[in-house]
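The values are calculated or read from the model by the stated rules, or taken from the named source; none is laboratory data. Bear in mind that the values here come from a model prediction, so they are computed numbers and not experimental data. Glycine also receives a Cβ, built like all others from the backbone with ideal geometry; neighbour counts cover every protein chain displayed.
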Amino acid sequence: MKAVDINAKIIGLAHPTEGKKGKGWYQRIELKKGIWTPGVGLGNTWEVMKSDFLPDTLKRKKILDIGCNAGYHMIEAARMGAMTVGIEPDEYYYAQAEFVKSCLPKRLGKRMVFYKEWTTPNFLKSLGNFDMIWSINVLHNLEYKLQAPCILAMADITDEVIARYRNKSANKATKESIDKYFRDVGFRVKSRYPTGRKEGAYRYIHYVK
Ligand SMILES: C[S@@+](CC[C@H](N)C(=O)[O-])C[C@H]1O[C@@H](n2cnc3c(N)ncnc32)[C@H](O)[C@@H]1O
């Protein structure tokens, strides 16, 4: 696809409620050399995952990304050799993800599969087993009564979860409640970022069994 067509598509796929800063995109992704989706900029989220939680290679690993948005973290995982599955219920973000995938080299695109679905325990279990589940900036968005059952379902299909979630959220979840759900189903905390007083509104926790 020519650069002019890619840029037109980026504008056409803008999410109507994402806000002006990201021009309708949440994730900033390089589609072809020098052509980026606008995005709000995620700070150093990927760098933190790589340096604090991930092994040197993800070859032969199968990763589920819950709330994958336009697929940014999946692309990085695919670059490290993983097969990735993403869940994104929002039709606009899902369309962005499929478009992003279509712009990538085939060797990466074939390592990414997206589902336009809400996260429910049954749907999670229908996907089979994963080496890791990533749930970055999304657990606190799940419907409150589904949080514990979804974390229980995660425990059925993986031994390792990297979660980044908000300390407090509008829908009653707190860092204590979400953390307890993980511990109740057999996970323990391997590491976290940031720690102690540096902890801001969000923090990462790496759970393992
Ligand atoms: C704040 S964004 C985070 C996106 C991405 N994980 C990241 O960190 O860049 C939250 C994403 O979760 C998606 N989402 C909201 N509710 C969801 C649910 N029940 N299941 C899966 N994804 C959901 C949203 O559509 C959105 O793409």
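Could you tell me whether region 170-181 includes any residue that is modelled with pLDDT under 85 and assigned to a strand (DSSP E or B)?
yes
Please state which of the following conditions Asp52 fails to meet, knowing it meets all the rest: (1) loosely packed, with under 14 Cβ neighbours inside 10 Å; (2) of a type outside the set (Ser, Thr, Tyr); (3) more than 15 Å from the ligand (Cβ to nearest atom).
(1)
Return the residues of region 105-150 that are under 14 Å from Pro89 (Cα atoms) and away from the ligand (no atom under 14 Å from the Cβ); say none if nothing qualifies.
Hit for region 105-150 is Val113, nothing else.
Could you count how many residues in region 71-87 are outside any helix (DSSP H, G or I), in contact with a Lys or Arg (Cβ under 7 Å, 6 or more places away or on another chain) and either among the β-branched types (Val, Ile, Thr) or under 15 Å from Arg60 (Cα atoms) (or both)?
Residues in region 71-87 being outside any helix (DSSP H, G or I), in contact with a Lys or Arg (Cβ under 7 Å, 6 or more places away or on another chain) and either among the β-branched types (Val, Ile, Thr) or under 15 Å from Arg60 (Cα atoms) (or both): 4 in total.
So which pairs qualify, if the first residue must be in region 63-78 and away from the ligand (no atom under 11 Å from the Cβ), the second must be modelled with pLDDT of 95 or more and of a type in the set (Phe, Trp, Tyr), the Cβ gap must be under 7 Å, and the two must be at least 6 apart or on different chains?
Here the result reads Ile63/Phe130; Ile63/Trp134, each pair linking region 63-78 to a residue that is modelled with pLDDT of 95 or more and of a type in the set (Phe, Trp, Tyr).
Give me the residue from region 79-97 that is farther than 21 Å from Thr120 by Cβ and touching a strand residue (DSSP E or B) at 6+ places or on another chain (Cβ under 9 Å) and, out of that set, farthest from the ligand (Cβ to nearest atom).
Met83
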